[in-house]
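Trainee: The structure under discussion is supplied below as structure tokens; questions concerning it will follow.
The values are calculated or read from the model by the stated rules, or taken from the named source; none is laboratory data. No experiment lies behind these values; they were computed from the predicted model shown. Methodologically, a virtual Cβ is constructed for each residue, glycine included, from the backbone with ideal geometry; neighbour enumeration extends over all protein chains shown. Just so you know, the surface numbers come from the protein's heavy atoms only, side chains and all, with ligands and any DNA or RNA stripped out. Shrake-Rupley method; radii C 1.70, N 1.55, O 1.52, S 1.80 Å.
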Amino acid sequence: MKKTFAILFALIFLFQFQNVFAFEKLKDSTRVIIYDTVETMPKFSKDDTLNQLLFAFISQNINYPRDARENDVQGVVNVSFVVLSDGSISSIEFKKDIGYGFAQEAVRILKKMPTWIPGKHKGKPVAVRIKFPIRFSLG
């Protein structure tokens, strides 16, 4: 009975906090805790409270994919990546490749980003997953 209660308690605990953090193996096989939300979220730069500098960086560095331009195609790529505790970017992913080179261009831009100011949890720098859309529009 005690064993069943302990297992049930553990499952409830895991489901309750499943969106707070996850474990992920990085390229060098190190396991790191990745948070979705922390007290102080990562920032693109010290003065970028509304992400204006982040979106300016993206718009200044974006190269509209040739296939998309030639076919008059627009779209959105929902990206996610991890800002590690040292501010570097890792684990770049996108939900769905809509084709025409949009996903590849989104990944190229993210890899080009400078080091971020890492997020903090309980006062210590931690790895945090960031998600946002990158919109590609003509005109």
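Trainee: Against the conditions (1) modelled with pLDDT of 95 or more; (2) in a strand (DSSP E or B), where does Asp86 fall short? Just the number, please.
Mentor: Unmet for Asp86, out of (1) modelled with pLDDT of 95 or more; (2) in a strand (DSSP E or B): (2).
Trainee: Hey, could you check region 7-65 for residues that are in contact with a strand residue (DSSP E or B) (Cβ under 9 Å, 6 or more places away or on another chain), at pLDDT below 90 and β-branched (Val, Ile, Thr) and say which is farthest from Lys131 (Cα to Cα)?
Mentor: Val32
Trainee: Does Lys120 qualify as being open to solvent by 50 Å² or more (accessible area, probe 1.4 Å) and not in a strand (DSSP E or B)?
Mentor: No.
Trainee: OK, next. Looking only at region 92-117, filter to residues that are among the β-branched types (Val, Ile, Thr) and assigned to a loop (DSSP other than H, G, I, E, B); which one of those is most open to solvent (accessible area, probe 1.4 Å)?
Mentor: My answer is Thr115.
Trainee: Only one of Asp67, Asp72 is out of contact with any helix residue (DSSP H, G or I) (no Cβ under 8 Å at 6 or more places or on another chain), in contact (Cβ under 8 Å) with a residue 60 or more places away in the chain, exposed (fewer than 15 other Cβ atoms within 10 Å of the Cβ) and more than 21 Å from Lys43 (Cα to Cα). Can you tell me which?
Mentor: Going through Asp67, Asp72 in turn, just one is out of contact with any helix residue (DSSP H, G or I) (no Cβ under 8 Å at 6 or more places or on another chain), in contact (Cβ under 8 Å) with a residue 60 or more places away in the chain, exposed (fewer than 15 other Cβ atoms within 10 Å of the Cβ) and more than 21 Å from Lys43 (Cα to Cα): Asp72.
Trainee: Which of the residues belonging to region 28-61 are open to solvent by less than 50 Å² (accessible area, probe 1.4 Å) and either among the polar types (S, T, N, Q) or farther than 23 Å from Ala127 by Cβ (or both)?
Mentor: Ser45, Ala56, Asn61
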